Amino acid sequence: MKRERIKELVSLIHEISPKDRKIKIMNVCGSHEHTITYSGMRSLMPENIELIPGPGCPVCVCSESDVINAIRLSQRDDTILVTYGDMLRVPTKEGSIRSSGRNYKMVSAPHEVLKIAKENPEKNVVFFSIGFETTTAPTAALIEMGLPENVTILTSQKLTPEIMEVLVKDEEVGVDAFIAPGHVSAIVGANAWRIFPEEYGIPTVVAGFEPDNLLLAILRILYQLREGRAELENVYRGVVRPEGNVKAQELMYKYFEKADVNWRGIGLIPKSGLEFRKEYDNINAKKVFNLPEIKEEKVKGCICDKIVLGKAYPNECKLFGKVCTPSNPKGPCMVSMEGACNIWYRFGR
Amino acid sequence: MKVEIGHGSGGKLTKELIDRVFLKYFDFPELKSLQDATVLPVEGEKIGITTDSYVIRPLFFPGGNIGKLSICGTINDLTVSGNVPLYVSVGFIIEEGTDFEILEKIAESMAETAVKSNVKIVAGDTKVVERGKCDGVYINTTGVGKNVRNLSPLNAREGDVVIVTGFIGDHGIAISLAREEFDVETGVLSDCAPLNSLLVPLFEIPTLRWMRDPTRGGLATVLIEFSESSGLGVKLYEDKIPVREEVRFVCDMLGYDPLYLANEGKAVIVVGREDAEKTLEILKSHELGKNAEIIGEVTGDGSVQLITSIGGVRRLELLEEDPLPRIC
């Protein structure tokens, strides 16, 4: 049944795809890129349709300065650094948390920090909270529960709509349409993407993670392009509401506010991240430990910056699969399972 | 009782270790001489020989242990290379402080697996190393078998079919979860099993070209190696490849691809199309082969391509490393 539906969607995509020009459809979510690569979806597309991975991996864009500060914190005898598994191997000029750090623990969800704090009352426990809106909300919820006295938070939280706006303005990228991320949309709401069709004339469709749902999103995009429309559509309605999770948003903005933050390989982008509001300096690790901003250094030959922005595919990098592999990543996109290079390495193209 | 350094001395304690643990279970007359070498009769003109060392962590896992694995692995290597396994030697490297009870459990399951598979343990060695120098026990086994068929990737031809004898990925997932690094429980057991009773009957199939047991690197890796050795290609159909629901679920969660996960009781078989049904029939009549499937065909294009469940194409490439180290 599902197979037939997929066949029908693919044949419709071929039927209505405009034949006279190239079309670039960008996804901004590691899980979307995973589905596209794992299912071999690119091989089913008409030749002129490109499915490009954009900035969908929060680990990859986490600023080098934040990672180095995390490494340095973990080197202190009185401190335990706690973060997500993917962050442990992110390379920097000072090594990675795993290779150069000393006291660190991995968690899969923020609430696990509480247990670590309880078991180590004499230590400073610093939670290195990174990610897009999907991880910011649970971090805010953790703070709301009441942090133990020995816990502070090093934030490197990024906002998805803001980076997409940067992409839209970049002519080198030349995005024709967006597939908006299902998980992030569940928090921020489908309406958060309205600005793209309405102000920039770019069709945008919110999609889930099953292949048929993504194909449907691509089809809806092609219909819009054929008819010269640019609208916001949502084909993941079971999960994503127009307004999103209002409670989670309120909680996020209770503790955090928009700030200019550094994206690795891209640079400072105005209002593209979240930092603690001033009144929470006491749990803000950047303030408590007086952490410096460290200048970023790129690995020679690494084109992660271009890959994150959808200007190059992973296999266009000279390091890809040769000196840069998941066990020995040179650039951030090879580290995380959501990074485009890592996905392409594991599942081919 | 615990293993002490003295148990590796070659003296009285060593004899005690051998008598109390290994000879108690390895009840093979050929072994009893306890000389430096065992003399064996070998029928026929050619013998097959293989050796393999086992360093799996943890020693005991759902569906098996390092001992059972060390016998199965060697039996399977002999069998897929066209040999009827006959004799196995066993070498143990044991960490000081290991419980005799653990060694007994390991030896017992080795003997049980060997007897069940009509294979004799005919030579052995034990060494003890200081605490912290190895993870409990490492085992090396060498196997000798009577060679019956010459199987090689070079025998394969375009149009041959590719068969797998059952669900893939069980061993990899069972080991991964047994390490308790992830907070997940499934009922998945390692498929660790001796395959000679399943596969030796296939030696009668005229167009049997090649077999491999897809251990480290999994199904994808052995087929890529097949493709490189033969100069041919393989087209695989994702929908036809048997993968348990639970295995698929854990793979999705942890980012593994079942095609690259280790198996310890499966074989990949390339056989002429004319004998495909007959081969499948023989496999399916055996408990270990009841879920066998034709999963693809040999092509002329020199690469391994997966036709995905949505009909897309994904080219399978060698991974630089196993996603899970120390699985056998």
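The values are calculated or read from the model by the stated rules, or taken from the named source; none is laboratory data. Since this is a predicted model, take the numbers as computed values, not measurements. When we count neighbours, we look across all protein chains shown, and the Cβ atoms used for this are built from the backbone with ideal geometry, even at glycine. Only protein heavy atoms, including side chains, enter the accessible area calculation; ligands, DNA and RNA are left aside. Shrake-Rupley method; radii C 1.70, N 1.55, O 1.52, S 1.80 Å.
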Compare each residue of the range A:24-40 in its chain alone against the assembly with all protein chains, and report those whose accessible area goes down by 40 Å² or more; 1.4 Å probe, heavy atoms. A:TYR38, A:SER39
Which residues, if any, in the range A:303-349 lose at least 30 square angstrom of accessible heavy-atom surface (probe 1.4 Å) when the other protein chains sit next to their chain rather than the chain being alone? A:SER327, A:MET337, A:TYR345, A:ARG346, A:PHE347, A:ARG349
Just tell me which lysines come within less than 23 Å, Cα to Cα, of A:LYS169; anything on the same chain fewer than 8 places away is out. A:LYS22, A:LYS24, A:LYS158, A:LYS258, A:LYS271, A:LYS306, A:LYS311
Considering only B:THR98, B:THR141, B:THR308, give the residue with the highest GNM mean-square fluctuation for chain B, with springs between Cα atoms whenever their separation is below 10 Å. B:THR308
Among B:THR14, B:THR207, B:THR186, residue whose mean-square fluctuation peaks in a GNM of chain B (springs only between Cα atoms under 10 Å): B:THR186
Rounded, prolate or oblate: which one fits chain A, using the alpha carbon gyration tensor with axes a ≥ b ≥ c (rounded when a/c is under 1.5, else prolate when a/b beats b/c, else oblate)? prolate
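Report the A-B buried area as the accessible area lost on both sides summed, probe 1.4 Å, in Å² to the nearest 100.
Numbers: alone 15410 and 14910 Å², together 28660 Å².
Accessible area lost upon association: around 1700 Å².
Per residue, how much accessible surface does the range A:140-181 expose to a 1.4 Å probe? Answer in Å², no decimals. Please report the intermediate quantities before stating the final value.
Numbers: 1390 Å² over 42 residues.
Ligands and nucleic acids excluded, the result is 33 Å² per residue.
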Of A:LEU159, A:LEU51, A:LEU12, the most mobile residue in a GNM of chain A (C-alpha springs, cutoff 10 Å) is A:LEU12
Give the long-range amide H neighbours of B:GLY233: residues separated by 5 or more places, or on another chain, with amide H under 5 Å away, using H modelled in the peptide plane at 1.01 Å from N. B:THR299, B:GLY300, B:ASP301, B:GLY302, B:SER303
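Would you mind working out the accessible area per residue for the range A:192-349, using a 1.4 Å probe, and quoting it in Å²?
Values: 7460 Å² over 158 residues.
Here the per-residue accessible area is 47 Å².
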For B:GLU317, tell me the accessible area in Å² from a 1.4 Å probe, rounded to the nearest 10. 70 Å²
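Where in chain B is the longest stretch that carries no trypsin sites (Lys or Arg not before Pro) classed as loop by DSSP and with at most 15 other Cβ atoms within 10 Å? Please list the in-between numbers first.
Details: sites that count: B:LYS46, B:ARG131, B:LYS133, B:ARG157, B:ARG179, B:LYS290, B:ARG326.
The segment B:180-289 is the longest one with no such site.
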Debye, to nearest 20: dipole size of chain A, +1 on Lys, Arg Cβ, -1 on Asp, Glu Cβ: 860 debye
Taking a cut-off of 23 Å between Cα atoms, list the lysines near A:LYS115, but don't count ones fewer than 8 places away on the same chain. A:LYS105, A:LYS123, A:LYS286
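Using a 1.4 Å probe over the heavy atoms of the protein chains, calculate the carbon and sulfur portion of the accessible area of the range A:304-347 as a whole percent.
Details: 790 of 1510 Å².
Exposed carbon and sulfur together represent 52 percent of the surface.
Could you give the C-alpha radius of gyration of the protein assembly as shown expressed as a fraction of 2.2 N^0.38 Å, taking N as the number of residues it contains?
Working: Rg = 28.6 Å, N = 677, 2.2 N^0.38 = 26.2 Å.
So the Cα radius of gyration is 1.09 times the expected 2.2 N^0.38 Å.
What does the structure give for B:248-256 when I average, per residue, the other chain Cβ atoms found within 10 Å of the residue Cβ?
On the way: counts 0, 0, 0, 0, 3, 0, 1, 10, 2.
Neighbouring Cβ atoms belonging to other protein chains average 2 per residue here.
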Is there a simple number for the mean count of other chain Cβ atoms within 10 Å of the Cβ of residues in B:218-225, and what is it? 0
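What number, rounded to the nearest 500 deg cm²/dmol, is the helix-based mean residue ellipticity at 222 nm of chain A, given -39500 (n - 2.57) per DSSP H run of at least four residues and division by all its residues?
Numbers: 15 runs with 131 residues, N = 349.
Calculated from helices alone, the mean residue ellipticity at 222 nm is -10500 deg cm²/dmol.
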Tell me the Kirkwood hydrodynamic radius of the range A:304-347 in angstroms, computed as one over the mean inverse distance between distinct C-alpha pairs. 9.9 Å
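For chain B, what class follows from the C-alpha gyration tensor (a ≥ b ≥ c being the square roots of its eigenvalues): rounded when a/c is under 1.5, otherwise prolate if a/b is larger than b/c, else oblate?
Details: a/c = 2.36, a/b = 1.47, b/c = 1.61.
Oblate is the answer for chain B, as a/c is 1.5 or above yet b/c matches or exceeds a/b.
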Antiparallel %, DSSP beta bridges [both residues in the protein assembly as shown], to 5: 55 percent
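Considering only protein heavy atoms and a 1.4 Å probe, what is the carbon-and-sulfur percentage of the accessible area of the range B:5-147?
On the way: 3490 of 6700 Å².
Reported share for carbon and sulfur atoms: 52 percent.
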Value of relative contact order over chain B, rounded to a whole percent, pairs C-alpha under 8 Å and six or more apart: 23 percent
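Measure off, as a whole percent, the carbon and sulfur share of the 1.4 Å-probe accessible area of the range B:153-316, all protein chains present.
On the way: 2800 of 6110 Å².
Whole-percent figure for carbon plus sulfur exposure: 46.
From the square roots a ≥ b ≥ c of the eigenvalues of the alpha-carbon gyration tensor of the range A:269-312, which class results: rounded (a/c under 1.5), prolate (a/b over b/c), or oblate? Spell out each step's value before the answer.
Details: a/c = 4.59, a/b = 2.04, b/c = 2.25.
Judged from the Cα gyration tensor, the range A:269-312 comes out oblate (a/c at least 1.5, b/c at or above a/b).
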Taking every residue in B:32-39, how many Cβ atoms of other protein chains lie within 10 Å of its Cβ, on average? 0
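Can you say what percent of the DSSP beta bridges in the range B:5-147, counting only those with both residues inside, are antiparallel? Round to 5. Walk me through the numbers on the way to the answer.
Numbers: 21 of 30 bridges.
Percent antiparallel among DSSP bridges in the range B:5-147 is about 70.
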B:CYS134: accessible area at probe 1.4 Å, nearest 10 Å²? 10 Å²
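With every protein chain present, what is the per residue accessible area of the range B:188-328 (1.4 Å probe, Å²)? If you can, show how the numbers build up before the last one.
Working: 5300 Å² over 141 residues.
With all protein chains present, the range B:188-328 gives 38 Å² per residue.
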Let me check against my output: what whole-number percent is the relative contact order of the range A:119-208, with C-alpha pairs under 8 Å and at least 6 apart? 28 percent
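Which whole-number percent is the relative contact order of the range A:304-347 (Cα, under 8 Å, 6+ apart)?
Details: 42 pairs, mean separation 14.4, N = 44.
With pairs under 8 Å counted, the relative contact order is 33 percent.
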